[in-house]
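The values are calculated or read from the model by the stated rules, or taken from the named source; none is laboratory data. All of these numbers come straight from a predicted model, not from anything done at the bench. Cβ atoms come from the backbone with ideal geometry, glycine included; neighbour counts cover every protein chain shown. Note: areas computed on protein heavy atoms with side chains; ligands, DNA, RNA excluded. Shrake-Rupley method; radii C 1.70, N 1.55, O 1.52, S 1.80 Å.
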Amino acid sequence: METTIGQNTLRTAGAAQAQAASRRGTQDPALRGDGGDSASPSSFFPSLSVALGPYGLDHVPMDAAAILATASSRIRELDNGINLYMQSIQNRTAAAQNVRQRLQTLERALSQHPRMNDKGKVNRKNPGIDLTAIDPATGQSVGDELRAAGFEPPAGADFWPKAQVDAAMQEVKTELEQLNSGNEMQMIRLQNLISQKSQAVQLTTNMLAKLNRMLESIAAKLGG
């Protein structure tokens, strides 16, 4: 299993922890050699680098606190990324809902308030939206409703030609498609970060279990 936690972050932080531990001396008696000098854990358990090498952890000190500190730092980074993507998805979802409402307003105006001819029938020769019509649900003119929704029908005109309406509708549909497509990509990235976090937690658990078995083996060798 490959995960970012094992390649860069743990190697760098682990090396720093190892240097600090070397300066202050190892406190655990089970990890000290003859004469009280600090000894490399791998000298007691040579398979350490082989067992953990694939994760880039061969330089991590045999210290549970160091492992937890490094893992916690990485998990915090992942949590921050997860929160950012979740917020981005929420913002895009709200924006898409707003665009969807605009589209519905335009479609409703076109279907319910078409331009009429002198005979009181839908004008087929020069179709469009009757901007002077009153929406019974709101008491506002259709033109005012469209402008409130962010559209720009011709100023001072009594109707909005269908060709221009179609162009405005296509623009809104394109915006909605872009928002939905962007959300899909954000969801993929979010799932990837959640997967990385799960792998980081599992890897840390495995490392701590391996460390515990190693220390038990060291203690048995020193006591035997």
With r defined as the distance between the Cβ atoms of Lys125 and Glu171 and R0 fixed at 25 Å, what FRET efficiency is calculated, to the nearest 0.05? 0.50
Ranking Arg124, Arg213, Arg115 from most to least accessible area with a 1.4 Å probe gives Arg124, Arg213, Arg115
Ser181 to Glu216: FRET efficiency via 1/(1 + (r/R0)^6), r the Cβ-Cβ distance, R0 45 Å, to the nearest 0.05? 0.25
From the phi of every residue in region 193-209, what ³J(HN,Hα) in whole Hz does the Karplus formula 6.51 cos²θ - 1.76 cosθ + 1.60 yield, where θ is phi - 60° and glycine or proline is x? 5, 5, 5, 4, 5, 4, 5, 5, 5, 5, 5, 4, 4, 5, 5, 5, 5
List the lysines whose Cα sits under 26 Å from the Cα of Lys221, skipping any in the same chain fewer than 8 residues away. Lys210
Label points 7 Å out from Cα along the Cβ direction at Arg147 and Asn117: separation in nm? 3.0
Show which lysines lie in cross-link reach of Lys173 when reach means a straight Cα distance below 28 angstrom and same-chain residues fewer than eight apart are skipped. Lys125, Lys162
Considering only protein heavy atoms and a 1.4 Å probe, what is the carbon-and-sulfur percentage of the accessible area of region 75-187? 49
Arranged from highest to lowest average of other beta-carbon atoms within 10 Å per residue, in what order do the peptides 160-167, 216-223 appear? 160-167, 216-223
